[in-house]
Structures are given as structure tokens and as C-alpha cells.
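Novice: So that we are looking at the same thing, I have put the structure below in C-alpha cells.
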Amino acid sequence: MKTMQPVLDVKHLIMDFGGLRALDNIDLEVLQNEIVALIGPNGAGKTTFFNCITGMYEPTKGDMIVYPPGKEKTRLNKLKPNIVTEHGLARTFQNIRLFQKMTVLENVMVARHCRTKSGIAGAILRDPKTRKEESEMVEFSYNLLEKVGLAPFVNDIAKELPYGAQRRLEIARAMATEPFLLLLDEPAAGMNPKETNELDKLIMKLREEENISILLIEHDMKLVMSISDRIYVLDYGRMIAQGTPAEISEDPNVIKAYLGEAFDA
């Protein structure tokens, strides 16, 4: 870890759905250039947590503060998802949400639009400034596809990609918004061991080369233990543990609630 500055600080987060408390007084922090995992059984509240910090849900109580490197801190409460993205958070989803009939390059370019300046008039008039920006967008998007190993598929239709490549395309699309914090919701879901190993290397590469922080939800414990600096454990909406991979793997509460006796770190 290069610094110990926080980029995300969540305090006392509560999310109620009617009489159901999905998140109960959650505290979570991600430091700059850190990889943090959020684990727990199905239904523990992990995706609900992601939905709160990305503006899809408005939490019942609590504070969600981000500290973009070199910028003023921002309170995420009540911000819409597109505004949260503009502030430097990007996410992927459990279920792949690509534009299935667009090309691989077009998928990344669509995501890149939130960082462009030309409006409707520019798109219609096709002035030199707009054409220059479009050219830069194509170059940026292609370079991003090279980083995630998808350059050979640049003109392929997204739905025709192998499953693991579709997952990587989702990550590339999120990275097109130039986040300082990347949120990955079960990125290894459905992957075979080879694809998971490639994903492991990609996440580490993005952290180092792009100097970003990563918060991931993941059930593949081998992946979690190999790449995480710290791990938080949710169970029925409550945080039952946090610590390093070594600490979490030996925590009796975590073993009982989630990992099970057969867990092997």
C-alpha cells in the first residue's frame, strides 16, 4: 500500500425495507490503493451495500463520504447513480449488463461518454472539436481493451464473447469512467479456474497501473484471500468481523457464519 488515506468512509449505515433491516449500523472504510473484499452468505446485505453507495438505494440512516484523490470530499447520500459515477465510483454487477448487440469497442465508448464534453449540438454539427474528442475516445477505449486483454475482440459483438471475456469487458466499461474506486460485484461468478486466475491478475494489474482502490464482493474465497489487503464480513446485515485475510480465516465467528469447518485458506 502506497498511502493510508481513505477514499471511502461509511459510518453507521442502516437500510430498512419496510420492517426488514437489510443493513444494521455498518461501518466500512477503503484506503487509497487498497483492495478490500466484502464477503458473507447469500442474503447478508452485500449487494444492498453496493446499491446504497452507488445511489441506487437511499439508505435509511448513516453517512457515505468519498475522498477523491486531490479533490474535496463528497457526501454520497441522496446523489443519483450518474452523479456518483461522475464523482469517481464505478461498478460492475452480479449479472452481466453489457449492450449485447454492440461491439466490444462500442460498449466501452458508451461508458466513456460521461467524461466527454460535446453535447447534442456537437454530435449533430460534427464540428472539429467534436471529431477530435471522438477520435480521442476511440483511442482511449482501445487502449483500455488492450489492458484487459480484449484488443483482439475489438470489433466482435459483445454477446458472442466467451463468458470470461464478457466479465472483463464489464470491468473495462467501468474503467472507462476513470474511477478512483472500482466496485466489483462477484466478478468471478460463473468463471472456470483458468478464467478466475486471469481475473486475479487483472485486478492486481489495474490496482497497480491505474493507482485505484477496489472494493469487491466475491464468493470465491481463494480469489479473496489471494488479492485482498483487508476483508469485511457481513452476516444478516451486520458486520461480524474485519481484518487481514489471515485474521479472517481464523476468526471463529466467521468460520461459524460463513467459511465452515472445511475452509482452507
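The values are calculated or read from the model by the stated rules, or taken from the named source; none is laboratory data. All values reported here derive from a predicted model rather than from experimental measurement. Cβ coordinates were reconstructed from backbone atoms using ideal geometry, including for glycine residues, and neighbour counts include every protein chain displayed. Only protein heavy atoms, including side chains, enter the accessible area calculation; ligands, DNA and RNA are left aside. Shrake-Rupley method; radii C 1.70, N 1.55, O 1.52, S 1.80 Å.
Novice: Starting from the Cα gyration tensor of the range 1-115, take the square roots of the eigenvalues, sort them a ≥ b ≥ c, and report rounded, prolate or oblate (rounded when a/c is under 1.5, otherwise prolate if a/b is larger than b/c, else oblate). List each step's numbers first, then the result.
Specialist: Values: a/c = 1.70, a/b = 1.23, b/c = 1.39.
It is oblate, given that a/c is not under 1.5 and a/b is not larger than b/c.
Novice: Further, regarding this structure: Obtain the nm distance between the two label points defined at Thr60 and Arg131 by a simple spin-label model: each point lies 7 Å from its Cα along the Cα-to-C-beta direction.
Specialist: 5.8 nm
Novice: At a Cα cut-off below 27 Å, give the lysines reachable from Lys222, other chains included and same-chain residues fewer than 8 away excluded.
Specialist: Lys2, Lys46, Lys147, Lys194, Lys201, Lys205, Lys256
Novice: In whole percent, how big is the carbon plus sulfur part of the accessible area of the range 59-99, probe 1.4 Å, protein atoms only?
Specialist: Details: 1210 of 2460 Å².
Solvent-exposed carbon and sulfur of the range 59-99 make up 49 percent of the total.
Novice: Still on this model: Determine how many Å³ per residue the convex hull of the Cα atoms of the chain encloses.
Specialist: Values: hull volume 36.8 nm³, N = 265.
Once divided by residue count, the hull of the chain is 139 Å³.
Novice: Turning to a different aspect of this structure: First obtain the Kirkwood hydrodynamic radius of the range 64-218 from its Cα pairs, then insert it into the Stokes-Einstein equation at 20 °C and 1.002 mPa s, and state the resulting D in µm² per second as a whole number. Please list the in-between numbers first.
Specialist: Values: Rh = 16.4 Å.
The Stokes-Einstein estimate is 131 µm²/s.
Novice: What is the gain in length, in nm to one decimal, between Phe17 and Tyr163 on full extension, counting 0.36 nm per residue of separation less the C-alpha to C-alpha distance?
Specialist: On the way: separation 146, 0.36 × 146 = 52.56 nm, distance 3.37 nm.
Value of the extension gain: 49.2 nm.
Novice: Please state the charge dipole magnitude for the chain, taken about the Cα centre, from unit charges on C-beta atoms (+1 on K and R, -1 on D and E), reported in debye and rounded to the nearest 20. Each step should come with its number before you reach the end.
Specialist: Working: 33 positive and 38 negative charges, 191 e Å.
Charge dipole of the chain: 920 debye, to the nearest 20.
Novice: At 1.4 Å probe radius, can you tell me the per residue accessible area of the range 64-106 in Å²? List each step's numbers first, then the result.
Specialist: Numbers: 2600 Å² over 43 residues.
On a per-residue basis, 60 Å².
Novice: Taking the mean number of other Cβ atoms within 10 Å as a proxy for protection, how do you rank 83-96, 143-156 from highest to lowest?
Specialist: Those peptides, ordered most packed to least, come out 83-96, 143-156.
Novice: State the percentage of accessible surface on the range 167-223 attributable to carbon and sulfur atoms; use a 1.4 Å probe and exclude ligands, DNA and RNA.
Specialist: Numbers: 960 of 1950 Å².
C and S atoms contribute 49 percent here.
Novice: Charges at C-beta only: +1 for Lys and Arg, -1 for Asp and Glu. How large is the resulting dipole of the range 148-262 about its Cα centre, in Debye rounded to 20?
Specialist: Numbers: 12 positive and 20 negative charges, 28 e Å.
Using Cβ point charges on Lys, Arg, Asp and Glu, the range 148-262 gives about 140 debye.
Novice: Taking 0.36 nm per residue of separation and subtracting the Cα-Cα distance, what length does fully extending Met102 through Glu208 add?
Specialist: Roughly 35.2 nm would be gained on extension.
Novice: Could you work out how much longer the chain between Asn77 and Asp156 gets when fully extended? Use 0.36 nm per residue separation minus the Cα distance between them, nm to one decimal. Don't skip to the end; give the middle numbers.
Specialist: Working: separation 79, 0.36 × 79 = 28.44 nm, distance 3.88 nm.
Taking Asn77 through Asp156 to full extension adds about 24.6 nm, to one decimal.
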